[in-house]
Each structure stands twice: as structure tokens, then as C-alpha cells.
Amino acid sequence: IVGEEEIQKVVETMRKGDITAAGGGGVMQEWEEAFAKYSGAKYVISTNSCCAALHMSLGACGVGPGDEVVTTPYTWGQTVAPIMQQNAIPVFADIDPKTYTLDPNKIEEKIRPQTKAILVCHIYGHPVDVDPIVKIAESYDVKVIEDCAQAIGASYKGRKVGTLGHMGAFSIGDGKNMVGGEGGMVTTNSEELYERALLVGMHPARTWREIKNPK
């Protein structure tokens with residue numbers, strides 16, 4: 001539902017001529033700070049879609065040609081497409097028949113030396129049972145990325161989705177829990193992954209201002 005308050009805010013922003021998307025700041029920074037506070041994530045990056053957010057997260061986690069990403073076979077296609085856009089290989093593990101989310105007991109058998117990440121999806125608002133998946137990831141030194149497109153506001157053991165693994169990706173497209181027309185967000189609590197995500201998907205005007213690590 002888009003109400004009069006939302007419409008007026010868009011009109012107000014257009015009248016300000018606040019063109020800050022390239023370099024960050026302005027209304028975009030306000031939104032990122034507000035979502036960080038809401039989600040409990042230390043860092044948030046605005047994107048044009050959840051697909052872009054996933055793509056940035058995969059790149060930040062070092063997923064590249066020939067690498068493998070363990071993920072779910074039961075999701076929207078844009079969960080898997082960014083893996084292929086990185087010239088990496090999606091490897092499907094089975095789902096829990098009660099929640100339709102990745103079954104933690106089916107993941108370890110899919111991990112190989114080529115595995116770089118585990119990409120989970122909180123489907124229909126149901127959070128994945130993430131804690132055992134994070135333990136598996138830590139034992140193999142791989143990253144956990146959360147697709148939260150259908151789960152803004154969902155919690156797992158008192159923590160909001162998008163803060164349970166190493167990185168999260170959200171959607172505010174039409175039909176989602178929180179509607180912004182189109183758009184998405186990357187979330188992380190890691191400064192290194194935040195800066196790497198900026199390098200992958202943001203304009204130099206923003207990366208020059210925000211990246212602190214010379215490496």
C-alpha cells in the first residue's frame with residue numbers, strides 16, 4: 001500500500017533536486033541509516049534490486065569463475081542468476097519439507113574445495129535455520145549470504161534476518177513486505193565485506209569517500 005505520506009515524500013525529494021545516488025548521502029543515506037537501525041545491521045548499501053544486492057554480496061565474498069555456491073532449488077530465479085553472473089556454479093542442496101528452506105542436514109555433503117559460499121533464502125517469510133549452517137560454513141571457511149527478499153521484518157532467535165550470516169540481500173520491489181517501487185539493500189556487520197561490496201557495485205564518487213582499507 002502506497003499512501004499519501006509516501007507520495008508527498010517522493011514529491012518533496014524531487015523538488016529538492018537531491019541527486020545523491022552516485023556519491024551517497026542525502027535521502028539515500030537517511031534510508032540506509034534507518035534500515036540499519038531497523039535491521040540491526042552495522043552497514044547498509046542501497047541497490048536497484050535484491051538481485052543486484054546478491055550480485056554485490058557474492059562479489060564481496062570473493063565468488064568468481066569456477067567457484068561453487070551451495071543454495072536452494074526452491075526460490076525465485078534471481079537467487080541463482082547472480083551466481084551464474086559471477087561465472088560460478090550453483091550447487092543445489094535439498095530443502096526442509098515443512099519450511100521449504102534449506103535443510104542444514106543436506107548442506108555439508110554438497111561442500112567441495114571449490115565451494116566459496118552458502119546462499120540461503122528465507123522463503124515466504126520463514127527464516128532458514130541459520131545457526132547450524134553458519135557452523136558448517138565456519139568449519140569450511142566459506143561465507144553465508146542471506147536472500148531476504150521475502151522476509152523483511154522476520155526474526156530468528158530474536159535477531160532480524162540479514163544479520164544472521166555474513167551478508168544479507170533485501171528487496172523493496174512491488175509485492176514485497178516493504179514496498180519502494182523497485183530497489184534493494186545489502187546488509188553486513190563486516191567493514192571489510194562492506195567495503196568490498198562498495199567496490200563491486202557503487203560509483204567511484206562513493207567508494208573514494210567511504211573505503212578506508214588501502215588493500
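The values are calculated or read from the model by the stated rules, or taken from the named source; none is laboratory data. This one's a predicted model, so the numbers in the text were calculated from it and none came from an experiment. With ideal geometry, Cβ positions are generated from the backbone for all residues, glycine too; neighbour counts draw on all protein chains shown. The protein model used for the area step is the full one, side chains on, heavy atoms only, and it has no ligands, DNA or RNA in it. Shrake-Rupley method; radii C 1.70, N 1.55, O 1.52, S 1.80 Å.
Taken one residue at a time, the phi angles of the stretch 95-102 give Karplus couplings (6.51, -1.76, 1.60, θ = phi - 60°) of 10, 6, x, 8, 10, 6, 9, 3 Hz. Gly and Pro are set to x. Computed 3J(HN,Hα) for the stretch 123-139, one whole-Hz value per residue from the Karplus formula 6.51 cos²θ - 1.76 cosθ + 1.60 where θ = phi - 60°, is 8, 6, x, 8, x, 5, 6, 7, 3, x, 5, 4, 4, 4, 4, 5, 5, glycine and proline marked x.
Computed over the chain, relative contact order equals 24 percent, with contacts defined as Cα pairs under 8 Å that lie 6+ residues apart.
Of the accessible area of the chain, with the probe set at 1.4 angstrom, what percent is carbon plus sulfur?
Working: 5900 of 11100 Å².
So the carbon and sulfur contribution to the accessible surface is 53 percent.
Just the accessible area per residue of the chain, please: how many Å² with a 1.4 Å probe? Using a 1.4 Å probe on heavy atoms only, each residue of the chain averages 52 Å².
Using DSSP, restrict attention to beta bridges with both residues in the chain and report what percent are antiparallel, rounded to the nearest 5.
45
Beyond 20 Å in Cα-Cα separation lie the following of the pairs LYS116/LYS212; LYS106/LYS143; LYS106/LYS135; LYS37/LYS160; LYS16/LYS176: LYS116/LYS212; LYS16/LYS176.
Could I get the Rg over Rh figure for the stretch 148-215? Both from C-alpha atoms, Rh via Kirkwood, rounded to two places.
On the way: Rg = 13.8 Å, Rh = 13.3 Å.
Radius of gyration relative to Kirkwood radius: 1.04.
Within a straight-line Cα-Cα reach of under 17 Å, LYS42 can be paired with the following aspartates and glutamates, leaving aside sequence neighbours fewer than 8 residues apart in one chain: GLU30, GLU32, GLU33, GLU146, GLU191, GLU192, GLU195, GLU210.
Using only alpha carbon pairs under 8 Å that are at least six residues apart, calculate the relative contact order of the stretch 20-90 and give it in whole percent. Mind dumping the intermediate values first?
Numbers: 58 pairs, mean separation 18.9, N = 71.
The normalised contact order for the stretch 20-90 reaches 27 percent.
Here the Karplus relation 6.51 cos²θ - 1.76 cosθ + 1.60, evaluated at θ = phi - 60°, turns the backbone of the stretch 74-86 into coupling constants of 10, 6, 5, x, 6, 6, 8, 4, x, 4, 5, 5, 8 Hz, with x for every Gly and Pro. Placing +1 on the Cβ of every Lys and Arg and -1 on the Cβ of every Asp and Glu, with nothing else charged, gives the chain a dipole about its Cα centre of roughly 360 debye.
What separates the Cα centres of the stretch 193-214 and the stretch 138-161 is a distance of 23 Å. Each stretch of four or more DSSP H residues adds -39500 (n - 2.57); spread over every residue of the chain, this sum gives -10000 deg cm²/dmol at 222 nm.
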